[in-house]
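First up is the structure itself, then whatever we jot down about it.
Taken together, the values in this text are just the output of simple stated rules run on the coordinates, not laboratory data. Predicted model, so just to flag it, every value in this text is computed and none were measured. Cβ sites come from the backbone with ideal geometry, for glycine too, and all protein chains shown count toward neighbours.
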Amino acid sequence: MMTEKLLFSELFSSMKINNLVKFYRKKINPKHVRVRLITDKSVDGAFIGGWFNPFWEECGDPTPIEIDVTVSSKDYKISNKDRGLYDELFITTVNHEYVHWEQVKQKRYDKMSEEEREKEAYSRESLFEFLSF
Ligand SMILES: [Zn+2]
């Protein structure tokens, strides 16, 4: 298993959100995960959400996993104090969706209930490094 420790806060003193998203894009396989930066003025600060589409190929989606970083403004800055939390949230979100993709690849997804899928994904997402398979 490939492992990658991410110690972003030791590398940079401060970062604008668009640069952080660019940094995250370099950490993932672009054939697996698309990371989008979305601006929404109604949002307070920034949050990260993830989606897995088991029918991505049929739908013509570029990747099975999409991670959306939603911010109030493209000029939003992540403080040093908060960046560890965003890194952890990003990795956790990617890992969660990877677990769902693994369920499909291992032909378990269709046999599981939604509750079983989520239970497994939540139990395996919280590593401080990316899952790989
Ligand atoms: Zn899930």
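Here are a few things to note about the model shown:
- Phi to ³J(HN,Hα) by Karplus 6.51 cos²θ - 1.76 cosθ + 1.60 over region 78-92, Hz, x for Gly, Pro: 9, 6, 3, 4, 8, 5, x, 5, 5, 4, 5, 5, 4, 5, 4
- One decimal place: the segment S72-K107 gains 8.7 nm when fully extended, by the rule 0.36 nm per residue minus the C-alpha distance.
- GNM flexibility winner over the chain from K107, K74, K27 (Cα, springs under 10 Å): K107
- Look at W56, W101 and count the other Cβ atoms within 10 Å of each Cβ; fewest to most, that gives W56, W101.
- Cα shape, the chain, gyration tensor, a/c 1.5 rule: prolate
- Total lysine pairs under 18 Å (Cα atoms) in the chain, excluding pairs fewer than 8 apart on one chain: 18
- Cβ crowding within 10 Å ranks F47, F23, F52, F90 as F47, F23, F52, F90, fewest other Cβ atoms first.
- Each of M112, M15 has some number of other Cβ atoms within 10 Å of its Cβ, and from fewest to most they run M112, M15.
- Using θ = phi - 60° in the Karplus curve 6.51 cos²θ - 1.76 cosθ + 1.60, the 3J(HN,Hα) couplings for region 20-35 round to 5, 5, 4, 4, 4, 4, 6, 8, 10, 7, x, 7, 9, 10, 9, 10 Hz; x is entered for Gly and Pro.
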